[in-house]
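Data first, discussion second: the structure below is written as structure tokens.
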Amino acid sequence: MTDIIIETERLYIRQITREDLPDIQKIKEENWGELQKWMSWASNDQKPFSALLKNFEDQVVPDFEKGALRLVAQHKKTDDRVMFSGLDITDQTDVYSTGYWGNLAYLGKGYATEVTKAVLKYAFNVRNAKKITIDYYEGNIASKRVIEKCDFVFVETKPKAHQSFATGEYMDVHCYSIDNANHLHDFNVKWGDKN
């Protein structure tokens, strides 16, 4: 896999590798309660390391070959893995979906917004994306704020379309999209292959 580096003021963002998996597992376990509230993939069977390894082998690597990216953002000063994001392929050409989750120690400090803006600029400028979509579940105010800060446009609400693994309740899914990164012209980001 090509080691794409996207660089922001505080972060290096790159494709997840097998070497990242132990750290991802530790961060996932520390954040499991929150992940089960908000993430569509956080079912009980996804908690063990074996599930993460299987996901990496069966989905991350093959999806990369199809054009998807699974990204980890590392802090420039601490080298900690701060956020996880990506570009998922959809059934429409050059249309991707994105999202994020993070290390508990770094939440609420603007890293989700920084990563999302970087991924948007990369997608539109390098991947020639036509559109990027993103969703959040009712009650996840922090994700709503990130989406608004990145200027995504509201598309629709799907009533009671997601069941929380934490509570079992059904939540509304709020869907957004964006078709350019022109509004991010002042956001400083660069990219290239790691040498």
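Summary of computed values
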item	result
Among (1) among the polar types (S, T, N, Q); (2) within 29 Å of THR17 (Cα to Cα); (3) without any contact (Cβ under 8 Å) to a residue 12 or more places away in the chain; (4) touching a Phe, Trp or Tyr at 6+ places or on another chain (Cβ under 6 Å), the one test that SER85 misses	(3)
Number of positions in the stretch 112-168 that are buried (at least 18 other Cβ atoms within 10 Å of the Cβ) and of a type in the set (A, V, I, L, M)	11
Selected residue [closer than 25 Å to CYS175 by Cα and without any contact (Cβ under 8 Å) to a residue 12 or more places away in the chain] from GLY33, GLY110, GLY102	GLY110
Residues located in the stretch 169-195, provided they are part of a strand (DSSP E or B) and surrounded by 14 or more Cβ atoms within 10 Å (Cβ to Cβ)	TYR170, MET171, ASP172, VAL173, HIS174, CYS175, TYR176, SER177, ILE178, TRP191
Count of residues meeting criterion [crowded, with 17+ Cβ neighbours inside 10 Å, among the hydrophobic types (A, V, I, L, M, F, W, C) and out of contact with any Ser or Thr (no Cβ under 8 Å at 6 or more places or on another chain)] in the stretch 5-20	3
Top-ranked residue in the stretch 52-82 [being aliphatic (A, V, I, L, M) and touching a Ser or Thr at 6+ places or on another chain (Cβ under 9 Å); ranked as nearest to GLU9 (Cα to Cα)]	ALA73
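A short reminder: the numbers here are calculations on the coordinates, not readings from a lab. Since the model is a prediction, treat every value here as computed from it, not as a measurement. Every residue, glycine as well, gets a Cβ built from its backbone with ideal geometry; the counts of neighbours run over all protein chains shown.
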